[in-house]
Amino acid sequence: MISVFTTPKPFCGHIDVIQRNALKSWKNLFPDVEVILIGNDEGAEQVCQELGLRHMSHVDRKEDGTKSVRSLFYQAQEVARYELLCFCNCDIILTNDFARALKSVYGWQQRFLMIGRRWDLDVVEALDFVLPSWQVQITERARREGFQRLYYNIDYFAFNKNLFRGIPDLVVGRNWWDQWLVWRAGDCGVPVVDVSDMVCAIHQNHDYSYHPQGMDGVWYDDRTRSNFRSAGGWRHLHTIEDASHRLTFEGIQPNRCHWLAPARRRVRRVNKAVRTLLRTQVWHPVLNITRSARWALGVRRETFKSAPRKNAPRRHWLDK
C-alpha cells in the first residue's frame, strides 16, 4: 500500500522512547506497509533490526550535521517498494484514522499530496501496542490533553512516487523546507488535500537540546535563513491553509478560500511588525514612566487580565 520513510535523531533517552512509539505505530497502519529509516544516527541500525524496518544508512549532510531534504526524498522515491509514499517526522504517532483518510484520498484522486495539522501531546512512556485499544486511548488523550497546532506545523506528507523532483538545497530540522513541499505540489498542479479534520496525528513533545540555542536556534539560525533563501522566499512557501481541498465527513470538498492564504500571511506579517513596533517604542516606554505610580496604587498586570471566552478553542501557547 505505502512506503513510509523518515530520518531519526539519535535513539537516546526520551527521544528513543518517542521515536520507537512512532515507528511502531506506522507498522500498524496497513498489512502491506514498508517503513524506511534513513541515516546512520546512533541506534538506528539496531532499531531497524529489532522492528523489522528497512535501513538506509547514508544521507547527505551539511557541515553542522543537518540532513539534506533532496537526499532523503530522492533516495526514498528511488527505492520505495510502493507507488504511494509518506514522509513523516520521526516523533509522530499515526493511527487508523490516517489509514482511512489515505484510502479516501487515493480513491478520489490517483495523484495528490495529503497533509494535515498535528496534535501536540506529552508522551513519556512506551506505548503498549499489544492492547487492542491503544489507538483509541492515545487519540482520546490527545484531544483531551493536547493541542491541535495551527496550519504552519506540517509533519507528514503522503504523495505519489516521483512527485518531488528539483528539490532545492534545503535541510530538515529547520524551518521552511516543509512549506516548500506544499508549494511545489500545488505548482505542479497536484491537488493538496488537508485531512486535519479527520486525522489525529500526534506529535510527542520533546525538548530542543539537540540545538545549542534550543528552539530559537531551530527557528532563526543561519541554516533556517538559508532554507528560506533556497526555497525562494515567501512566494514559494505554502502552508496547510493553501490546500486546494479538504477531507470532511461529507467527503473531499474544495477549499474555496485557499487562494486567500498568501494575503492572510502578508496581513499577519504586517500585524506582527506593527505590534512589535508599538510594544517596543510606545507601550514599554509608557510602562517604564508609570511604574512607580502603578506600584504605589497597587496596579498589577493581573488586574487587566480578561476572563477566558466561553467555548473558546484551546490554543497552544505558541499559537496564541
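Read-outs throughout are calculated quantities, based only on the coordinates presented, and are distinct from any laboratory measurement. Everything numeric here is computed off the predicted structure, so don't read it as measured data. In this analysis, Cβ positions are derived from the backbone assuming ideal geometry, glycine residues included, and neighbour counts consider all displayed protein chains.
Under the 0.36 nm per residue contour assumption, what length would be gained going from the current alpha-carbon distance of Tyr210 and Asp32 to full extension?
On the way: separation 178, 0.36 × 178 = 64.08 nm, distance 3.38 nm.
Difference between extended and current length: 60.7 nm.
Relative to the longest principal axis of the Cα atoms of the chain, the long axis of helix 261-278 makes an angle of roughly 30 degrees. Packing, as the average of other Cβ atoms within 10 Å across residues, places the peptides 129-138, 24-33 in the order 24-33, 129-138, highest first.
Take the Cα of Asp187, go 7 Å toward its beta carbon, and the backbone nitrogen atoms of the range 257-295 under 16 Å from that spot belong to 262.
Need one word for the range 2-256: rounded, prolate or oblate. Basis is the Cα gyration tensor (sqrt eigenvalues a ≥ b ≥ c); a/c below 1.5 gives rounded, then a/b vs b/c decides. Kindly include the intermediate steps, with their values, before the conclusion.
Details: a/c = 1.27, a/b = 1.00, b/c = 1.27.
It comes out rounded by the Cα gyration axes.
Remind me, relative contact order of the range 191-262 in percent, using alpha carbon pairs under 8 angstrom and six or more residues apart? Please list the in-between numbers first.
Working: 60 pairs, mean separation 29.0, N = 72.
For the range 191-262, the relative contact order is 40 percent.
Simple rule: put +1 on each Lys or Arg Cβ and -1 on each Asp or Glu Cβ in the chain, find the dipole, and look at Gly233, Trp26, Val4; the Cα lying farthest toward the positive end is Gly233.
In degrees, nearest 10, range 0 to 90: what is the angle between the Cα axis of helix 222-231 and the longest Cα principal axis of the chain? The angle comes out at about 70 degrees.
Which peptide among 13-20, 231-238, 266-273, 85-92 comes first, and what is the full order, when sorted by highest mean count of other Cβ atoms within 10 Å? If you can, show how the numbers build up before the last one.
On the way: 13-20: 19.2, 231-238: 17.4, 266-273: 10.4, 85-92: 22.6.
In descending order of packing, they fall as 85-92, 13-20, 231-238, 266-273.
Computed about its Cα centre, the charge dipole of the chain is approximately 1940 debye, with only Lys, Arg, Asp and Glu carrying charge at their Cβ. Applying the Karplus relation 6.51 cos²θ - 1.76 cosθ + 1.60 with θ = phi - 60° to the range 90-107 yields 3J(HN,Hα) values of 7, 10, 9, 8, 10, 10, 5, 5, 5, 4, 5, 5, 4, 5, 5, 5, 5, x Hz, where x marks Gly and Pro. Take every Cα-Cα pair in the range 93-161 and report what % of them are more than 17 Å apart. The answer is 52 percent, as a whole percent.
Take every pair of alpha-carbon atoms less than 8 Å apart whose residues are at least six positions apart; their mean separation over the length of the chain yields a relative contact order of 18 percent.
Using a cutoff of 8 angstrom between alpha carbon atoms and counting only pairs six or more residues apart, the relative contact order for the range 23-82 works out to 27 percent. Among the listed pairs Lys67/Lys103; Lys27/Lys103; Lys103/Lys161; Lys27/Lys67, those with a Cα-Cα distance over 21 Å are Lys67/Lys103; Lys27/Lys67.
Report the gain in length on full extension from Gln109 to Trp259: 0.36 nm times residue separation, minus Cα-Cα distance, nm rounded to one decimal. Show your work: numbers first, answer last.
Values: separation 150, 0.36 × 150 = 54.00 nm, distance 2.08 nm.
Residue separation times 0.36 nm, minus the Cα-Cα distance, leaves 51.9 nm.
Modelled spin-label separation between Asp319 and Gln281, with each label point placed 7 Å from Cα along the Cα-to-Cβ direction: 3.2 nm. Positive end of the dipole of the range 92-188 (Cβ unit charges, origin at the Cα centre): among Gly186, Phe147, Phe157, the Cα lying farthest that way belongs to Gly186.
Amide H contacts of Glu34 (H built 1.01 Å from N, in plane; Pro and chain starts excluded): Ile2, Ser3, Val4 sit under 5 Å, all sequence-distant by 5 or more or on other chains. Of the peptides 141-154, 278-291, the order by per-residue mean of other Cβ atoms within 10 Å, starting with the highest, comes out as 141-154, 278-291.
Only beta bridges with both residues in the range 2-256 are counted; by DSSP, about 45 percent of them are antiparallel.
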